[in-house]
Amino acid sequence: MTHARTSPRPSRARVRLFRLNGTDHAALVADNVLLLDYLREAQGLTGTKRGCDGGECGACTVLIDGSPRLACLTRAQECEGHHVETIEALAEAGRMSRLQRAFHERLGTQCGYCTPGMVMAAEALLRRDKAPDEAAIRAALGGNICRCTGYVKIIEAVQEAARDAP
Amino acid sequence: MDGLPEFRVLTPRSVAAAVAAGARPGSRFVAGGTDLMANLRHGIGEPGTLIDLRDIPELHGIAAGPLGLSLGAAVRLAELAEHPAVAGPYPALAAAALAVGGPAHREAGTIGGNLCLDTRCLFYNRSAWWREANGYCMKHRGDICHVAPTGKRCHAAFSGDLAAPLLAHGAEVEIAGPHGLRRQPLGDLYAEDGAAHLLLAPGEFLLRVLVPPDPWPAAYAKARARGAIDFPLAGVAVALRLEGTGVTGLRVALTGTNSRPFLLAGTDALLGAPVDAGWRERLGKLVQKQVSPMRTTLLAAQYRRRVAAALAERLAGHLADAATP
């Protein structure tokens, strides 16, 4: 995987202001830097996974203003003025969120590589719809590919998280 | 995938500023970027400047009135699918918006982006090294079409979903550019050439889509390799008006099968008759005759030809059943 590309016209880094996991953030970032690279390489937020790296698998799903977005097709520059949330934002005081716990307890994760993307896509759903039916869960996770679980346990995990919601 | 090439991004806040920015050589318009970013990461195109159109207020908003629907080109597909002025009276349009990619694509992707989507091909949507190893192709850097090596043109397929229902509803597009605004039927935006399918002059971009009021009942369906997230192998929109049991209006639009989306010609011959098995068969034959899928997808061209016909027949049947008490 190469990220170096020579060009006569280097993209200039500029300061972009946005919220990152609930905190105001000033990012010094060039216009052509992908959000995925910014999160992983510049911020060390490696919970967001590089999967297919081409917009087809959902492993890099993050939330922008609460909606699921693919960090591999999003420029960091686009996030100016918006709120970016990654999987790292879900745990509270070192404890897994209800949704994360449900994935853990329902065995909704095996190798785990797709899990952060799955969890963020499910998080976006549950914020909008407190009691989604199975069809809504399947639709919300439709852009996330898992090669281990067969999806059943993942759907059960989201159902359990919704059931346990206060 | 590779990283993005070097470019700077401009974010104009007015149509005039966007038009001025579009005069820069090597500039390119972008909105959600779900297709463009992937292509740029594949080394397809090296625009020095990207002009992000999403900060322009005129490109936002969905308005319904006596003249029909006005859809801003930067309206996101998720927004379009859920909007009550769309989901109720224009179910085919909402269905097509919901059939684009996965949820995260629809949160970023826009109406304008889907209508101006680049064409796709097995030999084009590939990494830089793959295409280089294959000697490139007519659409980018090379000079032959691997799909039809003896042919004169690129056969990459147009793969936007929205164009089909919008054509079936007789939509028009408003285009902004260096020579002001112009308005034209959506179909006139496209040409049957995979390497030059969009008839936009340099510096032009879509402002709005205008859909006439009182739409005929319509439906959209697509065949795709992966049900949850994929471009259409064939996408079909049917708009059907019945009086009693006789068909008094029929418009069928196709996408995914040719280098442009298009309205099926010759549907007048199907007017006046009821939608029965024989009628559906005639419709299917008409579709098979006019679509020209090529070997641009992993699935066979003949499958796409037949599935386009089957979808048209099925949709017309459903619409007729729904209209008959």
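The values are calculated or read from the model by the stated rules, or taken from the named source; none is laboratory data. Note that this is a predicted model, so its numbers are computed, not measured. Note: ideal-geometry Cβ built from the backbone for every residue, glycine included; neighbour counts use all protein chains shown. Ligands, DNA and RNA are excluded from the accessible area calculation, which covers all protein heavy atoms including side chains. Shrake-Rupley method; radii C 1.70, N 1.55, O 1.52, S 1.80 Å.
If the condition is being open to solvent by 20 Å² or more (accessible area, probe 1.4 Å), more than 10 Å from chain B (Cβ to nearest Cβ) and either touching a residue at least 40 places away in the same chain (Cβ under 8 Å) or over 17 Å from the mean Cα position of the chain (by Cα) (or both), then the stretch A:24-41 contributes A:Asp24, A:His25, A:Ala26, A:Leu28. Does any residue of the stretch B:75-98 turn out to be away from chain A (no Cβ under 13 Å) and within 22 Å of B:Leu199 (Cα to Cα)? So far as the stretch B:75-98 goes, yes, one or more of its residues are away from chain A (no Cβ under 13 Å) and within 22 Å of B:Leu199 (Cα to Cα). Of the residues making up the stretch B:260-291, those that are open to solvent by 40 Å² or more (accessible area, probe 1.4 Å) and closer than 16 Å to B:Ala164 by Cα are B:Arg260, B:Leu263, B:Ala265, B:Gln290. The one condition from (1) open to solvent by less than 50 Å² (accessible area, probe 1.4 Å); (2) of a type outside the set (A, V, I, L, M); (3) touching a helix residue (DSSP H, G or I) at 6+ places or on another chain (Cβ under 6 Å); (4) away from every other protein chain (no Cβ under 13 Å) that B:Gly43 does not meet is (4).
Only residues that are open to solvent by 40 Å² or more (accessible area, probe 1.4 Å), touching a strand residue (DSSP E or B) at 6+ places or on another chain (Cβ under 8 Å) and either under 16 Å from A:Gly47 (Cβ atoms) or within 11 Å of another protein chain (Cβ to nearest Cβ) (or both): list them for the stretch A:73-92, please. If the condition is that a residue be open to solvent by 40 Å² or more (accessible area, probe 1.4 Å), touching a strand residue (DSSP E or B) at 6+ places or on another chain (Cβ under 8 Å) and either under 16 Å from A:Gly47 (Cβ atoms) or within 11 Å of another protein chain (Cβ to nearest Cβ) (or both), then A:Glu80, A:Gly81 are the ones that fit. Filter the stretch A:125-134 down to the residues that are open to solvent by 70 Å² or more (accessible area, probe 1.4 Å) and part of a helix (DSSP H, G or I) and list them by number. Listed by number, the residues that qualify are A:Arg127, A:Arg128, A:Glu134.
For beta carbons closer than 8 Å, sequence separation of 6+ or different chains, a first residue in the stretch A:55-74 that is more than 18 Å from A:Leu90 (Cα to Cα) and a second that is acidic (Asp, Glu) and assigned to a loop (DSSP other than H, G, I, E, B), the qualifying pairs are A:Cys72/A:Asp53. Being at positive phi, surrounded by 18 or more Cβ atoms within 10 Å (Cβ to Cβ) and not aliphatic (A, V, I, L, M) holds for only one residue in B:Gly194, B:Gly160, B:Gly244, B:Gly203, and it is B:Gly203.
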